[in-house]
Every structure is written in C-alpha cells, then in structure tokens.
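Enquirer: Here you go, one structure.
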C-alpha cells in the first residue's frame, strides 16, 4: 500500500541552496502525516486518547539517503517533485514510512518504485527517506511527552512493522552508545564546537505548539557552519549524502538548546565531511536529539 504526492517547487519550498534539507523534511513530513491520516480514515487533528487527550504522531527517527546523481541542490524553482510513501504499523502506536522522491519521470516505473520501497531495499539512484513516528500526548508541556495510542482508529490493515525492524531499537542503542552507526572508525575528529540557540516561539513551533521536528535540522546546520569556522574549514558547498536523526524528547518554547557538533574527516574519502551532533535542553541538561551526517565537499583540499 503506497500513497503518492506531487509538489511543484516554489519560493516557500526553497532557500538560497534550492531544495534545502530542513525544507525537504517539512514537506516530506507533511506528506507522511497525510498518508497516516489516510490510513487512519480521519484527520490526525481529531485523534484522542481513551481519556480524550490530544494525540500526535511525533517523529522519533529519520534516515535520509541522497544520491550524488540527484542532490537536493539540483531541485529548483518550478521543478515537479513526486513523493511515494509506503507505511507499516507496530501495535497501533508506532508507524514507519519509507519514502522515495524525485522528478516524476524516474518514478513512472512502478516495479522500480515498489522495489525501492521494500524493507531493507535501496535504489542507489533514488533519493530516500525513512520516517518513524510514535503517537504521543503532551503530559506537562512541550518538554514532557508521553506515548499514547489513539483510541478511535486501528491501523491493522497496514503491513506489520516487525518489532526487530522497528527503528526504536536504533534510537535506544544510540542513546546508550552516543553513536548512530553512520560514521565508522575511518572517520577522525577534526574539531568540535558548542552552540546555544534560544527557541523562537513564533518561528520554530508547529500548529500543535511543539518545536517542529524539521527545525532541528536548521538548528544543526547553523551549529555546523559555526563549527567549520571554528576549525578553519571553509565548506560552503556542502551537499547532504546521508543522515540519521534520533529524537528523544522536545524542548519548551522558552528554553535554550545546547548543540555540540563534532567535525570529522576521512583520509579515504577527502571529498566528504562527517558530522556528529548532540542536542540537550538547557532547562535540565537532558539530551533530546542525536544526529550523524555525511556531506559532500566538492572543493575539498587537505
């Protein structure tokens, strides 16, 4: 079972780098929500717990793979972009979305799309996102979220997400090790930097009052840019190739984030940069997000 969404890129979808990552995730995440809503048969804004509390499918894990043949910077104003999403469900409380996107022409081969969306599969030429959502309800404000399955819908008609394939296990392991497994021992630290960001309640929140999951990527991009300046690496042309993100909570809109970025180099891949990010909230020092990314650096020199 798959859902298709088309988007023509305009000014709201682009930045100076065209289809930049945090904007991609906003629109891809919106389509993920629409697919979940279609599977539920009701608007997600109507979902409630058995006690009547509001329920939201919060993002807790994301993986992006962007091929060199279709970098995000190649998607420009007025380009048509097609998204195809396949969902799986775990116990009516967690959802996985596997998503491929590109210009419509590469996605007209339905067998290729189905193969690319199959669990464990990968098409090296198609941009891919894996989303994982869990239903939550705010318990004590934005920084205290509780897992809460919706009471009035059943996702039993969706394919089953086996427990051993649930990204929850990846996020739990990363919480203990501090690593999401994207950067192996071939990557060596080139320096690190700590950036503080005060949440802007008018710009950083979404329609349910939480700090929007995609904005964390924008926060990390700012910290990353400052980290590169701090270690004297000028890399303005960075292009995402692979990223993993694990979310462990959210932050109050009056709080400040502390974002620590580690920059890594790999002698075997001088045209690439690696990054590790750890985000904690200043309120209580609790870690709420981990991420690792590999980005191309076309003008790299040693």
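Here, each number is a calculation from the coordinates, and none is a lab measurement. This is a predicted model, so every value here is computed, not measured. With ideal geometry, Cβ positions are generated from the backbone for all residues, glycine too; neighbour counts draw on all protein chains shown.
Enquirer: Need one number: nm distance between label points at residue 146 and residue 73, each 7 Å from Cα along Cα→Cβ, rounded to one decimal.
Expert: About 4.8 nm separates the two model spin labels.
Enquirer: Return a whole-number percent for the relative contact order of the chain, with Cα pairs under 8 Å and 6 or more residues apart as the contact set.
Expert: Details: 631 pairs, mean separation 57.7, N = 302.
Computed value for the chain: 19 percent relative contact order.
Enquirer: For labels at residue 118 and residue 237 in the simple 7 Å Cα→Cβ model, what's the distance in nm?
Expert: Between residue 118 and residue 237, the simple spin-label model gives 3.8 nm.
Enquirer: Give me the number: length gained by fully extending residue 172 to residue 226, i.e. 0.36 nm times residue separation minus the C-alpha to C-alpha distance, one decimal in nm.
Expert: Extending this stretch completely gives an extra 16.5 nm.
Enquirer: Given a Förster radius of 30 Å and the C-beta distance between residue 200 and residue 109 as r, what FRET efficiency does 1/(1 + (r/R0)^6) yield to the nearest 0.05?
Expert: For residue 200 and residue 109, the calculated efficiency is 0.10.
Enquirer: Multiplying the sequence separation of residue 184 and residue 38 by 0.36 nm and subtracting their Cα-Cα distance, what value in nm do you get? Can you show the working numbers first?
Expert: Working: separation 146, 0.36 × 146 = 52.56 nm, distance 3.91 nm.
Result for the pair: 48.6 nm of gain on full extension.
Enquirer: Provide the FRET efficiency to the nearest 0.05 for the residue 256-residue 125 pair, computing r from the beta carbons and using R0 = 51 Å.
Expert: 0.80
Enquirer: Turning to a different aspect of this structure: Give the peptides 120-129, 83-92 in descending order of average Cβ contacts within 10 Å, highest first.
Expert: The packing order, highest mean first, is 83-92, 120-129.
Enquirer: Here are some values of mean projected area of the Cα convex hull in nm²: (i) 36.1; (ii) 15.4; (iii) 14.5. Which one was computed from this structure?
Expert: Answer by label: (ii).
Enquirer: Say each of residue 284 and residue 45 gets a label point 7 Å from the Cα, pointing the same way as Cα to Cβ; how far apart are those two points in nm?
Expert: Label at residue 284, label at residue 45, 3.0 nm between them.
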